[in-house]
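For reference, the structure is listed below as structure tokens.
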Amino acid sequence: MIVAMQAEATEEQIQQVIERLIQTGFNVHRTTGSLQTILAGVGSPSRFDPKDFELLAGVGDVVRISAPYKLAGKSFRPEGTVVEFSNGVKVGGNQVVVMAGPCSVESREQILTSARQVKAAGAQFLRGGAFKPRSSPYSFQGMGLEGLKLLREVGDETGLLIVSEVMEISQIPVMMPYVDLFQVGARNMQNFNLLRELGVVKKPVLLKRGIAATIEELLLSAEYILSGGNYGVILCERGIRTFETYTRNTMDISAIPVIKKLSHLPILGDPSHGTGRREQVGPMARAAVAAGCDGLLIEVHPNPDKAFSDGAQSLFPEQFSQLMSELRLIATAVNRKMQ
């Protein structure tokens, strides 16, 4: 249930409503927007009547939510969520943010060169895997802690924020000092123990859609993180598995406006994993911005043909630079901004 307080509601009135929700059997999540305070009552009390709350002082509107996701739904934050980072970069709102870099950290020279190249082209985040989930146990699994240290060192040197994938609960404390944004990959979208643990950390989380997940399942996975009190969740459409074999996945561009309608959470597009083919990355990136995404996650490598992983879907630096120029034009056309 969602209780929208009146704009002029006092703190005392808000606390009285919170106490009443708790007495009824709800867990309460509070968010304060620019115009009003929203209280989300999460749970399944056996008996309650929304009309009982409509009569309380300071209450503007009461909505009984039928969707299984309460905190990820649009009504919890009608104005939308903006996730802000320590250097002032914001994901959500009017800005289209770009996170770019190689699939995995391979060496200091490789990650530093990558960082300088994507920074020059306009990216705000450096992406790079230190721990790599691979389909084959014989493939490169990442540099681990050493890779994290290189990411942090290069991020500090270039001024880029760091996003890297977390695969299991034990990696969270290891990664905390080195990353600005935890990435949960498609394989872990329904790793609910991991999601619960990320819900109690005070660091934003980028949650990718699973390879066969519905939009509702993605939002329910986000709900696990939000219910723990971590509201810094960013979603990512990275393609789903269909009967098509020409591309690695089928990038569901329509998911972007659908999620914008259903949820307040920012959403990125990942055309690299969405297609798995270098020549398709640009068209799908342009389509994602036109569809209303809040940012892009793009793989860029100084020499993709020699990349340890995912070279076929990684852009050359000059391709990325050209793409960024094109994306700025599209962003302007849909009343968005890009760096």
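Quick test of your reading of the structure: R77 fulfils all but one of (1) crowded, with 18+ Cβ neighbours inside 10 Å; (2) out of contact with any Gly (no Cβ under 7 Å at 6 or more places or on another chain). Name the failing condition by number.
R77 satisfies every listed condition except (2).
Scanning the range 181-210 for residues that are among the hydrophobic types (A, V, I, L, M, F, W, C) and surrounded by fewer than 16 Cβ atoms within 10 Å (Cβ to Cβ), which turns out nearest to F243 (Cα to Cα)?
Selected residue: F192.
In the range 1-33, how many are closer than 19 Å to G73 by Cβ and of a type outside the set (V, I, T)?
Total meeting the criteria: 9.
Here is a check on your reading of the model: is F125 in the same structural domain as F182 (by TED's automatic domain parsing), of a type in the set (F, W, Y) and at pLDDT 95 or above?
Yes; evaluated as a whole, the condition is true for this residue.
Does any residue in the range 169-192 that is of a type in the set (D, E) come within less than 6 Å, Cβ to Cβ, of a residue that is surrounded by fewer than 19 Cβ atoms within 10 Å (Cβ to Cβ) six or more places away or on a different chain, and which pairs are these?
From residues that are of a type in the set (D, E), the pairs are D180/F85.
Scanning for something surrounded by fewer than 12 Cβ atoms within 10 Å (Cβ to Cβ) and either among the basic types (K, R) or free of Cβ contacts under 8 Å to residues at least 12 places away in the same chain (or both), does the range 33-41 turn up at least one residue?
The answer is no, given that none of the residues of the range 33-41 is surrounded by fewer than 12 Cβ atoms within 10 Å (Cβ to Cβ) and either among the basic types (K, R) or free of Cβ contacts under 8 Å to residues at least 12 places away in the same chain (or both).
Does E299 satisfy being acidic (D, E), farther than 20 Å from M189 by Cβ and in the same structural domain as Q124 (by TED's automatic domain parsing)?
It is false that E299 is acidic (D, E), farther than 20 Å from M189 by Cβ and in the same structural domain as Q124 (by TED's automatic domain parsing).
Considering the range 283-308 alone, what residues qualify as being assigned to a helix (DSSP H, G or I) and under 21 Å from the mean Cα position of the chain (by Cα)?
Residues satisfying the conditions are M284, A285, R286, A287, A288, V289, A290, A291.
Does the range 138-152 hold any residues that are exposed (fewer than 14 other Cβ atoms within 10 Å of the Cβ) and either in a loop (DSSP other than H, G, I, E, B) or not assigned by TED's automatic domain parsing to the domain that holds I225 (or both), and which are they?
Y138, S139
Output the residues belonging to the range 224-237 that are surrounded by fewer than 24 Cβ atoms within 10 Å (Cβ to Cβ) and in contact with a strand residue (DSSP E or B) (Cβ under 9 Å, 6 or more places away or on another chain).
Once the filter is applied, which keeps residues that are surrounded by fewer than 24 Cβ atoms within 10 Å (Cβ to Cβ) and in contact with a strand residue (DSSP E or B) (Cβ under 9 Å, 6 or more places away or on another chain), the range 224-237 yields S227, G229, N230, Y231, G232.
Could you list all residues from the range 286-325 that are out of contact with any Gly (no Cβ under 7 Å at 6 or more places or on another chain) and over 20 Å from T113 (Cβ atoms)?
Result: R286, A287, V289, A290, A291, G292, G295, S325.
Can you confirm whether the range 266-282 contains a residue that is in a loop (DSSP other than H, G, I, E, B) and more than 29 Å from G88 (Cα to Cα)?
So far as the range 266-282 goes, yes, one or more of its residues are in a loop (DSSP other than H, G, I, E, B) and more than 29 Å from G88 (Cα to Cα).
Would you pick out the residues in the range 274-304 that are in contact (Cβ under 8 Å) with a residue 40 or more places away in the chain, crowded, with 24+ Cβ neighbours inside 10 Å and not charged (D, E, K, R)?
Answer for the range 274-304, where residues must be in contact (Cβ under 8 Å) with a residue 40 or more places away in the chain, crowded, with 24+ Cβ neighbours inside 10 Å and not charged (D, E, K, R): V281, A285, A288, V289, C293, G295, L296, L297, I298, V300, H301.
Among the residues of the range 63-115, which ones are out of contact with any Asp or Glu (no Cβ under 9 Å at 6 or more places or on another chain) and of a type in the set (D, E, K, R)?
Within the range 63-115, R64, K74, R77, E79, E84, E106, E109 meet the criteria.
Would you check if there is a residue in the range 91-102 being touching a residue at least 24 places away in the same chain (Cβ under 8 Å), under 19 Å from the mean Cα position of the chain (by Cα) and surrounded by fewer than 17 Cβ atoms within 10 Å (Cβ to Cβ)?
The answer is yes; a qualifying residue exists.
The values are calculated or read from the model by the stated rules, or taken from the named source; none is laboratory data. No experiment lies behind these values; they were computed from the predicted model shown. Using ideal geometry, Cβ is built from the backbone for each residue, glycine included, and neighbour counts are taken over all protein chains shown.
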